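The values are calculated or read from the model by the stated rules, or taken from the named source; none is laboratory data. Because the structure is a prediction, the values reported are computed rather than measured. Reconstructed Cβ throughout: ideal geometry from the backbone, glycine too, with neighbour counts over all protein chains shown.
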């Protein structure tokens with residue numbers, strides 16, 4: 001049952017990120033925002049300072065059970 005819940009949480013996170021990527025008006029790019037729960041996702045930590053373009057968004061979740069998310073960079077942020 002725990003494996004099913006983990007897969008479901010990962011799917012839900014993936015779907016939420018998909019919806020965020022669709023809403024990209026005035027978005028210049030993205031960064032990965034690591035989820036801090038005592039576990040540091042290696043993929044997110046390796047890429048957290050990297051900026052991704054609007055046309056090449058990051059692949060999140062990075063792995064099964066990943067709870068990291070994306071943060072949008074807007075045209076007016078910089």
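Residues of region 34-76 being touching a strand residue (DSSP E or B) at 6+ places or on another chain (Cβ under 7 Å), assigned to a loop (DSSP other than H, G, I, E, B), touching a residue at least 24 places away in the same chain (Cβ under 8 Å) and over 22 Å from residue 8 (Cα atoms), which ones? Across region 34-76, the qualifying residues are 54, 57, 75. Within region 32-43, the set of residues being at pLDDT 80 or above and surrounded by fewer than 17 Cβ atoms within 10 Å (Cβ to Cβ) comprises 33, 42. Quick test for you: out of 31, 4, pick the one residue that is outside any loop (DSSP other than H, G, I, E, B) and in contact with a strand residue (DSSP E or B) (Cβ under 6 Å, 6 or more places away or on another chain). Only one candidate qualifies: 31. Within region 6-19, the residues that satisfy the criterion of being surrounded by 15 or more Cβ atoms within 10 Å (Cβ to Cβ) and closer than 18 Å to residue 48 by Cα are 13, 17. Could you list, in sequence order, all residues of region 3-19 that are touching a residue at least 24 places away in the same chain (Cβ under 8 Å) and over 11 Å from residue 60 (Cα atoms)? Answer for region 3-19, where residues must be touching a residue at least 24 places away in the same chain (Cβ under 8 Å) and over 11 Å from residue 60 (Cα atoms): 6, 7, 9.
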